[in-house]
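J.: Pasting a structure here, questions to come.
The values are calculated or read from the model by the stated rules, or taken from the named source; none is laboratory data. Predicted model only: the values in this text are computed from it and were never measured. Note that each Cβ is placed from the backbone with ideal geometry, even for glycine, and that neighbours are counted across all protein chains shown.
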Amino acid sequence: MAQLTIRHGPVERTVTVTPDSALLDQLLAQGIDLPFSCRRGDCGLCAVTLTAGSLAPHEPSQPFLRDGEHLICNARLATDTPASIERPWFPELHAITPRRTPGKIHTLCRLSEDVIELTLRLPPTTAFPYLPGQHIRLTNAAHVTRSYSLAAPPDADRLLRLHVRQVTGGAFSDYLFQRARPNDLLHVEGPFGHFFLRQRFEGRRLIFLATGTGIAPVLAVLLALRQTAAALPPIHVYWGNRTAVQAYVHGALCALQGEMGFDYQALFSREPDGAGAAGARHVQDLITQSSALADAVVYAAGSTAMVQDARARCLRLGLQSDAFISDPFTAS
């Protein structure tokens, strides 16, 4: 047994943990709300900075470090000596506190053959503030839990909107597509995540990269930007899918493009012409249209492979490492 101190901005908490299991599991069991999604080192949401002590991988075959930070879903204490970790802290989140609440399915609307829009309503007295781009966790009656990004900014109707793609054998998506009905009770946790506009980058050129339903948090951010009275910086939106049929909000993005004047390109990796720029086969190929990215901030949401490749490319083009903001997705 040893003491672990967790610092999160101005808040500090010390708990007792053991070297026998992953820190994420131990901290969640003690009631500490932490961002996570995949629990296998892909998403990076649970990354922390080690400020004292030592950590070791719980499962040697899975990722343990990313860009110098420790993934606590696969980190354990290396010794019985005290340790300290620091969670990322952002001033934008000072009024955002993750919470647990019941929610009911309000509507289920097919956006395409394999994407559904799930709309949730919360109890009338439940406040649920969040930042456009964040995500929530849902648990159904079968105790299956999955994370999904919110696809719209907070609205007066107080409904939560999510885009879910059907995954073969996906326990939660199978439920939504085959058995879910309006008024089904779900448990909602959140909001979580760091995929939101940063105050310190205000005025910089914005580049959004998305694959598949990774467009959902991007759409939420764009809709929020449409509501602002301030002048918008240059905005580029690059969305990748395998085929044009899968681009389920293409029309909505084209309408926003006409209204807001941003650059929007859709790329289809399995189509004969691919669309997008000449020679581009993946959405991250489109960032090579920019000769330098020192004046930009890049938001990437979608497959882990895309996010990792895009980050490497952006850093080579001069992007600041903290100006690459990502939200990798895992199938569910």
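J.: Condition check: within 19 Å of R146 (Cα to Cα) and either not assigned by TED's automatic domain parsing to the domain that holds G214 or not aromatic (F, W, Y) (or both). Does D25 satisfy that? Before you say what the answer is, go through the steps one by one.
T.: Values: within 19 Å of R146 (Cα to Cα): yes; either not assigned by TED's automatic domain parsing to the domain that holds G214 or not aromatic (F, W, Y) (or both): yes.
Against the criterion (within 19 Å of R146 (Cα to Cα) and either not assigned by TED's automatic domain parsing to the domain that holds G214 or not aromatic (F, W, Y) (or both)), D25 qualifies.
J.: Which pairs turn up if I take residues in the range 72-91 that are over 19 Å from A29 (Cβ atoms) and look for partners that are among the acidic types (D, E) and surrounded by 13 or more Cβ atoms within 10 Å (Cβ to Cβ) with beta carbon separation below 9 Å, at least 6 apart in sequence or on another chain?
T.: Cβ pairs passing all conditions: P88/E69.
Conditions (1) within 25 Å of R110 (Cα to Cα); (2) surrounded by fewer than 21 Cβ atoms within 10 Å (Cβ to Cβ), marked per residue:
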| site | (1), (2) |
| --- | --- |
| R204 | no, yes |
| G212 | yes, no |
| A244 | yes, yes |
| F262 | no, yes |
| T304 | no, yes |
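J.: Inside the range 74-183, counting only strands (runs of 3 or more DSSP E) that do not spill past its ends, which hold 2 or more residues that are over 19 Å from the mean Cα position of the chain (by Cα)? Working first, answer last.
T.: Working: elements: 75-77, 83-86, 99-110, 115-121, 135-139, 145-149, 160-165.
Hits in the range 74-183: 75-77, 83-86, 99-110.
J.: What's the total number of residues in the range 308-319 that are in contact (Cβ under 8 Å) with a residue 24 or more places away in the chain and not acidic (D, E)?
T.: As a first pass, look at the range 308-319 and keep what is in contact (Cβ under 8 Å) with a residue 24 or more places away in the chain: 309-310, 313-314, 317-319.
Now narrow it down to the ones that are not acidic (D, E): 310, 313-314, 317-319.
Summing the residues that are in contact (Cβ under 8 Å) with a residue 24 or more places away in the chain and not acidic (D, E) in the range 308-319 gives 6.
J.: Additional query: Determine if the range 308-327 includes at least one residue that is modelled with pLDDT under 80, of a type outside the set (K, R) and surrounded by fewer than 18 Cβ atoms within 10 Å (Cβ to Cβ).
T.: no
J.: Looking at the structure I just gave you, is T228 hydroxyl-bearing (S, T, Y), surrounded by fewer than 17 Cβ atoms within 10 Å (Cβ to Cβ) and outside the structural domain of C254 (by TED's automatic domain parsing)?
T.: On the way: hydroxyl-bearing (S, T, Y): yes; surrounded by fewer than 17 Cβ atoms within 10 Å (Cβ to Cβ): yes; outside the structural domain of C254 (by TED's automatic domain parsing): no.
When the stated conditions are applied, T228 does not pass them.
J.: Sticking with this one: Just to be sure I understand, how many residues within the range 186-238 are on the phi < 0 side of the Ramachandran plot and in a strand (DSSP E or B)?
T.: First, the residues of the range 186-238 that are on the phi < 0 side of the Ramachandran plot: 186-189, 191-192, 194-202, 204-211, 213-238.
Going one step further and asking which of them are in a strand (DSSP E or B), we end up with 186-189, 191-192, 205-211, 235-238.
The total comes to 17.
J.: Considering only residues that are more than 17 Å from E117 (Cβ to Cβ) and polar (S, T, N, Q), which ones fall in the range 207-229? Give the steps one after another, and end with the answer.
T.: Filtering the range 207-229 down to residues more than 17 Å from E117 (Cβ to Cβ) leaves 207-209, 211, 221, 224-229.
Result: T211, Q227, T228.
J.: Continuing with the same structure: Given the residues A180, A216, which is the only one that is out of contact with any helix residue (DSSP H, G or I) (no Cβ under 9 Å at 6 or more places or on another chain), in contact (Cβ under 8 Å) with a residue 60 or more places away in the chain and over 30 Å from F262 (Cβ atoms)?
T.: Only one candidate passes the filter, namely A180.
J.: Look through G53, G41 and report the one residue that is in contact with a strand residue (DSSP E or B) (Cβ under 8 Å, 6 or more places away or on another chain), modelled with pLDDT under 85 and not assigned by TED's automatic domain parsing to the domain that holds Q320.
T.: Only one candidate qualifies: G41.
J.: Could you list all residues from the range 169-182 that are loosely packed, with under 15 Cβ neighbours inside 10 Å and under 18 Å from R137 (Cα atoms)?
T.: Answer for the range 169-182, where residues must be loosely packed, with under 15 Cβ neighbours inside 10 Å and under 18 Å from R137 (Cα atoms): just A171.
J.: Next up: How many of the residues in the range 21-64 are in a helix (DSSP H, G or I) and not acidic (D, E)?
T.: 6
J.: Just give me the residues in the range 1-44 being over 12 Å from I72 (Cα atoms), exposed (fewer than 15 other Cβ atoms within 10 Å of the Cβ) and basic (K, R), in sequence order.
T.: Answer for the range 1-44, where residues must be over 12 Å from I72 (Cα atoms), exposed (fewer than 15 other Cβ atoms within 10 Å of the Cβ) and basic (K, R): just R13.
J.: Does T139 qualify as being surrounded by fewer than 19 Cβ atoms within 10 Å (Cβ to Cβ) and within 27 Å of P91 (Cα to Cα)?
T.: In short, no.
J.: Looking at S84, is it surrounded by 15 or more Cβ atoms within 10 Å (Cβ to Cβ), farther than 24 Å from F324 by Cβ and at pLDDT 90 or above?
T.: Answer is yes for this residue.
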